[in-house]
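The values are calculated or read from the model by the stated rules, or taken from the named source; none is laboratory data. In this text, all values refer to a predicted model and were calculated from it rather than measured experimentally. We place every Cβ from the backbone using ideal geometry, glycine too, and count neighbours over all the protein chains shown. Heavy atoms of the whole protein, side chains included, go into the accessibility calculation; ligands, DNA and RNA do not. Shrake-Rupley method; radii C 1.70, N 1.55, O 1.52, S 1.80 Å.
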Amino acid sequence: MPDFDRLNSDLVLIVDDIPENLSVLHDALDESGYTVLVATNGETALQRARQSLPDVILLDAMMPGMDGFEVARRLKADFTTRHIPIVFMTGLTETEHVVAAFAAGGADYVTKPIRPQEVLARIAAHMQSARLMKQARSALDAFGQATLAIRPESGRVVWQTPLARKLMQSYFEGVEGLEDQAPPAVMAWVQSSGRARGEGREFPPLSLSQGARRLIFTLHERTGDDEWLVSLREESDAAVLDALMGAFRLTTREAEVLYWVIKGKTSPDIGEILGSSPRTVNKHLEHVFAKLGVENRTAAASVAMARIRAGGASEG
C-alpha cells in the first residue's frame, strides 16, 4: 500500500552531479519526512521541476554543461516554476558568486562541504513560506478567483490564477509576454496606486472597456516579497441588467431605465437612448421606485449600486 502521509509530504528536488552528495542529502531529508526527487544535470532538473513542482529546490551551483546559475534563470523564466524557492549549494563563497546566486533567482545558499543539519534548517525556513504560498494559490484557484501578483518596479507578473490569465489574454489579445509582464496601462496604474496607498490615499480601480464588457482591476495588499496583489473582475452591461432584473423583479425596460439612472442620465437622455418619450421613461421610473421601495432617483441609484457592488452583477 502507498504511504499516503509521504505522498502528501513536502517535496524537495535535489540537483547535484556528485552521487555522494545526493546520497547524503537524500537520506537526511528522507529521515526528516520530506519526499525527495533527484537530478544529476540541468536538463533533468528543469524537466522534473516542471513535472512535479517541488516546494523547494536544492541546487548545486557548479555542474558540467548547464551550471546551477543557468538552471535557476530558466526556472525563474518559466511561469510554472518561478515561484519555487531555490537554495544554492556552492563551495564558492567569494562575493561575486554569492551575488550571482541571488541574481539568478536564488532565495538562499549553503556552502560545501555540505552539513546536513544546516541544509535541513534552511529548507525548513523556506518550506514554511512555500507552503503558505501554495495554500494561498490553491485556495484562489479552487474558488475561481481572478488574482495576480505584480512587482511594481518592473511590472513583472510573478504569478496569476488561471481565471486571471484567461481575462488578461481576452482583453489584451495579441500582446506578447502577458504571463511575464503587465501591459503598460496596468503597470502604470499599479505604480500610481501603490504610491497613493503609501501616502494614505485611496486610488480608484482601473477599468478597461472592450465593447459592452469592462475589466476592473482592484489593488489589494503588498506582500512580504514586495509584490502587489491585484484582483480582476469582469462586468458587462448585460450582466448588470440581468442582475437588476433578478434582484428587484424588474422588466427588461425598467432595468434599462434604472441602469441609465445609475449612469446619471436624465429622463430626456434616457428617452433618447431607448427610443421612448420622457413621459414613458418617468412611468417606468414610478414602477422602479415602487419595486425598490424608494421615492426618488438618487435613492434608486444608491440601492441599485449597493446591490451591484455586492457582486450580483459581476461575471467571474
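Report the relative contact order of the range 49-90, percent, no decimals, based on alpha-carbon pairs under 8 angstrom and at least 6 residues apart.
55 percent
Highest GNM mean-square fluctuation, the chain, Cα pairs closer than 10 Å: which of Ser207, Ser236, Ser267?
Among Ser207, Ser236, Ser267, the largest GNM mean-square fluctuation belongs to Ser267.
Kindly state, to the nearest 0.05, the FRET efficiency for Glu20 paired with Ser52, given R0 = 35 Å and r defined as their beta-carbon distance.
0.90
Taking K and R as +1 and D and E as -1, what net charge do the other residues with C-beta under 10 Å from the C-beta of Asn21 add up to?
Spelling it out: positives minus negatives among the neighbours equals -3.
Taking Cα pairs under 8 Å and at least six residues apart, what relative contact order does the chain come out at, in percent?
Contact order relative to length: 10 percent.
With runs of 4+ DSSP H residues as the only contributors, calculate the mean residue ellipticity of the chain at 222 nm using -39,500 (n - 2.57) per run, divided by the residue total and rounded to the nearest 500.
-15500 deg cm²/dmol
Just to be sure I understand: of the beta bridges DSSP finds with both ends in the chain, what percent are antiparallel, rounded to 5?
If we restrict to bridges inside the chain, about 60 percent are antiparallel.
Given a 1.4 Å probe, how much area per residue of the chain is accessible, in Å²?
Heavy-atom SASA per residue in the chain reads 52 Å².
Summing +1 for each Lys or Arg and -1 for each Asp or Glu, what net charge is found among the other residues whose Cβ lies under 15 Å from the Cβ of Ala72?
Overall, the nearby charge balance is -1.
For the chain, which whole percent of the accessible surface, found with a 1.4 angstrom probe, sits on carbon and sulfur atoms?
Values: 8600 of 16340 Å².
Answer for the chain is 53 percent, counting heavy atoms of protein chains only.
Specify which labelled value, from (i) 1.10; (ii) 1.37; (iii) 1.21, agrees with Cα Rg over 2.2 N^0.38 Å derived from the coordinates of the model shown.
Only one option fits the structure, namely (ii).
List the pairs from Lys166/Lys291; Lys166/Lys283; Lys166/Lys263 whose alpha-carbon separation is above 32 Å, in the order I gave them.
In this structure, Lys166/Lys291; Lys166/Lys283 exceed 32 Å between Cα atoms.
Assuming R0 = 35 Å, can you tell me the calculated FRET efficiency for the pair Met245 and Thr80, based on Cβ-Cβ distance, to the nearest 0.05? Don't jump to the answer; show the numbers that get you there.
Working: r = 42 Å, r/R0 = 1.20.
E between Met245 and Thr80, to the nearest 0.05, is 0.25.
What does the charge count near Val257 come to, summing +1 for each Lys or Arg and -1 for each Asp or Glu among other residues with Cβ under 12 Å from its Cβ?
Values: positive: Arg253, Lys263, Lys265, Lys283, Lys291, Arg297; negative: Glu254, Glu256, Asp269, Glu286.
That sum, taken over residues with Cβ under 12 Å, equals +2.
In degrees between 0 and 90, to the nearest 10, how far off the longest principal axis of the chain does helix 162-171 point, with axes built from Cα atoms?
60 degrees
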